[in-house]
Amino acid sequence: MNLSQGRGKSTSRYQTNAKMWILKNHWRVAACCLLLAGCSDSGLKTRTVFGSVSCGGEPVPQGHVRFVPIEGTSGPAGTGTIADGQYRIDARGGVPLGKHRVEIVAQKTTGRKVPGFILMEPGEVDEIVTLGPPEYEGQRSPLVEEVTADSDGRFDFEIPANPGGPRPGNRPIR
């Protein structure tokens, strides 16, 4: 046991080496702390967007809306869940300012139960059907919106009903 300068405290060789390393490398420790903490202002200007979604004149019961940056707009796509005809995208401050293609997946339950998976276990799940035309769900979507700093962020969408009627849907949205 080493006595450190007569104070009666024990200091191991490991503790002494660790203290010396921190003293010699304090600027590196500070830089790592700042790096791990991250920056609160990434420089990306965003806006919360929200609104209503209807299909064939009726509010969409469930699904999702996705704002995908296009034509020089940089930043991540923003996705919001549709519930009872309403959506809101506010994660990470919303969507980047600029031009976006808007993709909408409009769905509803049929009231029937079908075989599926619940928490990765086989079981009965609500049958889901997709209401809108498939072109509104992806890269071919004709919906384009400009998100600006001075807008209130409200974007309401009316998509046509699928001409062939509801289509078998994707997995249930929960």
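The values are calculated or read from the model by the stated rules, or taken from the named source; none is laboratory data. Just so it is clear, the model here is predicted, and its values are computed rather than measured. Please note: Cβ atoms are built from the backbone with ideal geometry, for glycine as well, and neighbour counts cover all protein chains shown.
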Looking at D126 and the list (1) charged (D, E, K, R); (2) under 21 Å from L44 (Cα atoms); (3) surrounded by 13 or more Cβ atoms within 10 Å (Cβ to Cβ), which single condition is not satisfied?
(2)
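Do you know which of the residues in the stretch 49-75 that are outside any strand (DSSP E or B) and under 18 Å from I104 (Cβ atoms) is modelled with the lowest pLDDT? Don't jump to the end; show me each part of the working.
As a first pass, look at the stretch 49-75 and keep what is outside any strand (DSSP E or B): 56-57, 60-61, 70-75.
This time we only want the ones that are under 18 Å from I104 (Cβ atoms), so: 56-57, 60-61, 70.
Numbers: G56: 88, G57: 91, V60: 94, P61: 94, I70: 93.
The qualifying residue modelled with the lowest pLDDT is G56.
Considering the stretch 90-102 alone, what residues qualify as being within 14 Å of the chain's Cα centre (by Cα) and in a strand (DSSP E or B)?
The first filter runs over the stretch 90-102 and keeps only residues within 14 Å of the chain's Cα centre (by Cα), leaving 90-96.
Correct list: V95, P96.
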If Q86 passes every condition in (1) out of contact with any Pro (no Cβ under 9 Å at 6 or more places or on another chain); (2) at pLDDT 90 or above but one, which one does it miss?
(1)
Scanning the stretch 131-163 for residues that are more than 25 Å from V95 (Cα to Cα) and buried (at least 18 other Cβ atoms within 10 Å of the Cβ), the one modelled with the lowest pLDDT turns out to be N162
Need pairs with beta-carbon distance below 8 Å; first residue outside the structural domain of E158 (by TED's automatic domain parsing) and without any contact (Cβ under 8 Å) to a residue 12 or more places away in the chain and within the stretch 127-141, second surrounded by fewer than 20 Cβ atoms within 10 Å (Cβ to Cβ) and among the aromatic types (F, W, Y); sequence gap 6+ or separate chains.
none
Residue in the stretch 119-164 that is nearest to I70 (Cα to Cα), counting only those that are part of a loop (DSSP other than H, G, I, E, B) and among the hydroxyl-bearing types (S, T, Y)
S141
Yes or no: the stretch 82-89 includes at least one residue that is basic (K, R), within 30 Å of P168 (Cα to Cα), surrounded by 15 or more Cβ atoms within 10 Å (Cβ to Cβ) and assigned by TED's automatic domain parsing to the domain that holds N162.
yes
